[in-house]
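None of the figures in this text is laboratory data; all of them are computed from the coordinates on show. All values reported here derive from a predicted model rather than from experimental measurement. Here the Cβ is made from the backbone with ideal geometry for all residues, glycine too, and neighbour counts use every protein chain on show.
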């Protein structure tokens with residue numbers, strides 16, 4: 001069944017890692033499962049220059065899959081002082097077929113696996129590439145809310161470009177601040193966890209026009225799949241939970257998140 005032929009509500013997994021070694025299924029099986037769950041398409045996310053290069057080649061032969069190119073914050077130490085060269089590499093990768101986003105990038109102060117200054121240097125570099133290419137910027141932010149907003153505001157004040165705060169687990173303040181700048185908020189399976197009461201309250205406040213959903217597969221499988229390796233098909237559980245949480249019909253939640261994903265990734269059709 002093609003995208004246009006689907007009559008049931010369709011979903012988009014805006015953030016997964018199909019090339020990750022922890023995926024329990026092959027990319028082909030993941031796509032088949034996703035299709036059966038009503039997932040029209042997905043975006044597989046690059047986390048290093050090398051993986052981004054390979055990812056662009058992998059998705060070229062996969063229906064329903066687009067990709068991003070970027071360097072995850074935890075891998076920024078080895079690129080310290082190389083912001084310009086990384087930006088140049090990303091610019092080149094961004095020209096390839098099926099690349100719809102830049103990242104994931106951002107700041108992660110939780111694990112302390114990379115120096116804050118190295119992370120910020122590459123965060124700025126990714127912002128510049130997203131601004132130049134007008135592709136969506138995929139932002140990771142953990143225990144770094146003020147600095148995340150500071151860096152984004154510097155670039156968005158100069159030129160607007162699409163921004164996604166992926167796997168949102170932040171405060172109401174971060175949600176409000178980034179939405180005010182025009183960013184999208186992407187909810188993962190974490191929002192379905194019983195322990196995520198504060199996040200659930202924040203999720204209720206996200207305007208329809210700023211909401212996305214994702215799996216971050218193979219991580220963070222939603223309830224009732226928690227404890228299993230995640231996959232794009234499971235985004236349906238997150239969508240169903242969010243619809244109930246927000247007091248919305250499932251069809252409405254599916255439609256608005258798919259429409260938002262289509263706009264921000266500039267995807268007008270399924271491959």
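When you count the other C-beta atoms within 10 angstrom of each residue and take the mean per peptide, 146-154, 124-132 line up highest first as 124-132, 146-154.
Of the peptides 99-106, 243-250, the ranking by mean beta-carbon count within 10 Å, highest at the top, reads 99-106, 243-250. What the Cβ-Cβ distance of residue 205 and residue 158 gives, at R0 = 25 Å and to the nearest 0.05, is a FRET efficiency of 0.35. Using 0.36 nm per residue and subtracting the Cα-Cα separation, the extra length available between residue 259 and residue 78 on full extension is 61.4 nm. Between region 177-207 and region 215-239, how far is it from one alpha carbon centroid to the other, in angstrom? Going from one Cα centre to the other spans 16 Å. Quick note on region 194-271: its Rg to Rh ratio, both from C-alpha atoms and Rh being the Kirkwood radius, is 0.97. Which shape class applies to region 1-144: rounded if a/c is under 1.5, otherwise prolate when a/b exceeds b/c and oblate if not, where a ≥ b ≥ c are the square roots of the Cα gyration tensor eigenvalues? Since a/c reaches 1.5 and a/b is larger than b/c, the shape of region 1-144 is classed as prolate.
A helix-only calculation puts the chain at -12000 deg cm²/dmol for mean residue ellipticity at 222 nm, using -39500 (n - 2.57) for each DSSP H run of at least four residues, averaged over all residues. Taking every DSSP bridge with both residues inside region 77-205, close to 0 percent are antiparallel.
Each of residue 198 and residue 91 was given a label point 7 Å from its Cα along the Cα-to-Cβ line. The distance between the two points is 4.1 nm.
Could you work out how far the C-alpha centroid of region 15-79 sits from that of region 139-164, in angstrom? The two parts, judged by their Cα centres, are 23 Å apart. Taking all Cα pairs closer than 8 Å and separated by 6 or more residues, the relative contact order of region 58-122 comes to 47 percent. Considering only alpha-carbon pairs that sit under 8 angstrom and 6 or more positions apart, the relative contact order computed for the chain is 21 percent. How high is the FRET efficiency between residue 252 and residue 32 when r is their beta carbon distance and R₀ equals 41 Å, given to the nearest 0.05? That gives a FRET efficiency of 0.95. Given that just one value was derived from the coordinates, which of (i) 1.11; (ii) 1.20; (iii) 0.92 is Cα Rg over 2.2 N^0.38 Å? Only one option fits the structure, namely (iii).
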